[in-house]
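Asks: Got a structure for you, written out below as structure tokens; questions coming shortly.
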Amino acid sequence: MAQEAVSRTADRVVQEARRGGEDELRLERFMNNKPSIFKGGYDPDGAQSWIEGIERIFGAMRCMDEH
């Protein structure tokens with residue numbers, strides 16, 4: 001029984017490490033798309049355009065909503 005618990009814990013650690021690596025790769029892929037930078041200020045149209053551009057990148061990357 002103790003061996004099973006150790007095995008489950010090891011599996012969980014490996015999965016979390018893999019997820020961290022996937023997150024880094026996802027960020028790298030995102031940054032390779034050279035997303036525009038929102039500069040702030042009062043510009044509702046500019047903000048909406050920025051959001052749409054970022055969402056296009058996420059769509060091209062086939063990101064799930066939770067990511």
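Asks: Check V6, V14 and return the single one that is of a type in the set (A, V, I, L, M, F, W, C), open to solvent by less than 80 Å² (accessible area, probe 1.4 Å), farther than 19 Å from H67 by Cβ and at pLDDT below 70.
Replies: V14
Asks: Return only the number of the condition from (1) at pLDDT 85 or above; (2) outside any helix (DSSP H, G or I); (3) open to solvent by less than 80 Å² (accessible area, probe 1.4 Å) that K34 does not satisfy.
Replies: If we test K34 against (1) at pLDDT 85 or above; (2) outside any helix (DSSP H, G or I); (3) open to solvent by less than 80 Å² (accessible area, probe 1.4 Å), just (3) comes out false.
The values are calculated or read from the model by the stated rules, or taken from the named source; none is laboratory data. Just so it is clear, the model here is predicted, and its values are computed rather than measured. Glycine also receives a Cβ, built like all others from the backbone with ideal geometry; neighbour counts cover every protein chain displayed. Just the protein is used for accessible areas: all its heavy atoms, side chains included, with ligands, DNA and RNA removed. Shrake-Rupley method; radii C 1.70, N 1.55, O 1.52, S 1.80 Å.
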